[in-house]
1. Sequence-distant or interchain residues sharing an amide H contact under 5 Å with residue 247, placed H: which?
2. Grab the Cα-Cα distance for residue 148 and residue 456, subtract it from 0.36 nm times how many residues apart they are, and report the gain in nm with one decimal.
3. Cα centroid distance between region 316-367 and region 1-67, in Å?
4. Just grab the label-to-label distance for residue 373 and residue 231, each label 7 Å out from Cα along the Cβ direction, in nm (one decimal).
5. Which lysines have a Cα less than 27 Å from the Cα of residue 422, not counting those fewer than 8 places away in the same chain?
6. Rounded to the nearest 5, what % of DSSP beta bridges with both residues in the chain are antiparallel?
7. With charges only on Cβ, +1 for K and R and -1 for D and E, what is the dipole size of the chain about its Cα centre, in debye, rounded to 20?
8. Please list, ordered by chain and number, the residues whose modelled amide H lies under 5 Å from the amide H of residue 236; skip anything fewer than 5 residues away on the same chain.
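Read the figures in this text as sums done on the coordinates, not as results from a lab. Note that the coordinates shown come from a computational prediction; the quantities given were computed from them, not determined experimentally. We place every Cβ from the backbone using ideal geometry, glycine too, and count neighbours over all the protein chains shown.
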Amino acid sequence: MPRDELIPSEQRIYGWIEQVFAQGVRRPGYPADRWTEQFCFERFREFGLEKVRLEPVELPYWEPARWSLTVWGDGPGAVEMLELPCFPLPHSAPTRGLEAQLIPFDEQSPEGVKDNIALYDVTLIRSRHATLAGLATWCYDPDASFADSTQVLPFGREIQAVMEPAMAAGAVGFVGALVGYPSNSYDYYVPYDAVARPVPGVWISGEDGARLRRTLERGPAQVRLTVESAREAITTHNVVGELPGADEETVIIGSHHDGPWSSAVEDGSGIALVLAQAEYWSSLSPEERPHRLVFLLNSGHMAGGAGAQAFIETHRAECERTVLEVHLEHAASECREEDGELKATGLPEARWWFTSRIPSLEAAVRAAIETENLRRSLVLPPTAFGPRPTTDGGDFHLAGVPIVNFLTAPFYLFDSQDTLDKIHRPSLVPVTRAAVRIIESTAGRSAAEMRSAAVA
Ligand SMILES: [Zn+2]
């Protein structure tokens, strides 16, 4: 049972999100991300955690400085010149000014883009909530809000491999059109695997993509693409702090401190949810903590999950002794487009709880969700969407650590529109309380016992 008086208030948790958001764009190694490392470090100290430390994480830094996209028809009499707003694909190649013909990518005959700049449509996946619920081991939707609604996911079917089809066909440049993207944005920080791709690329809005297609129907068009960006190896830090508990096996409670933009939800909210856990558990005595608790705010989620991977690599023995890894990401409001603007529906975005297939753990997660009335929740097997959960903590699953990874996936997750108004404030305290209950449920269970109870 959570001790009510010790749970941080909604205002306090939201206040941490506001402070982090106010620092600006928090990409790995940016000044706002450095500030956030220090902020988390200082909060851990202030709560009285022990062994508070910054653990180094090497990763590629990427910073775009200037970019532009100019298109003009080169048919007879075609002089119209368009300057289109755009945003470079992270870690794609810089160019001082690449000029080539623009060719729409055609899956049936992809070779048409060879030595040209490909116009490639990306359509975010739209999935019926009921279909997603079909992948769950359990679903809590007492208002039947999933009955015939649809979720727009933050990825197209290419996931991060958006440039690969055009590159494989020999394109020398990439113009990605975000077709049907709510609110017609082009601030899309994907891919975020931090892989240097050898051709330059930019995102444009779906409307501009349609406009270019109409231009191309009238005749050929030329493109000039300019991207100035810096890419270099840097050292960032995972922020770690610990609290001793009833035994020396551990529960890890994590999220990531970087984000694609100022990113309130991704993951200002995750930082705040981990700080809430650290503050709560620090006010109890060691005997009241089921195990040693390790609080972890990773760097480099937006650089291919570099922080989580570095932690696992450097703490193999500790991972063996880990009873449970809890990751907390994204207290998000569901939004829809109305008259070109994003409006909150008032509902929380569907909540995914990737949970290792350990019956007692799944039961604890279900009970916590129900008790805290976290409607629109799905308990998902870690492998629901692939070999690992689509979370910053997903690699713990691959490392054999029992997990509960909480995540929501609103379509605006990688967009600059992830602002403070996207936070689903009424979720902050109940998610905190549910996480406390799930951690409490591990009392008296060993890491070995948890692993041996897993069902295939
Ligand atoms: Zn996140």
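1. Here the answer is 291, 292, since their amide H atoms fall under 5 Å of that of residue 247.
2. 107.7 nm
3. Using only Cα atoms, the two centres lie 19 Å from each other.
4. 5.0
5. Here the lysines satisfying the reach criterion relative to residue 422 are 343.
6. Of those bridges, close to 60 percent are antiparallel.
7. Charge dipole of the chain: 320 debye, to the nearest 20.
8. For residue 236, the qualifying residues are 57, 58, 59.
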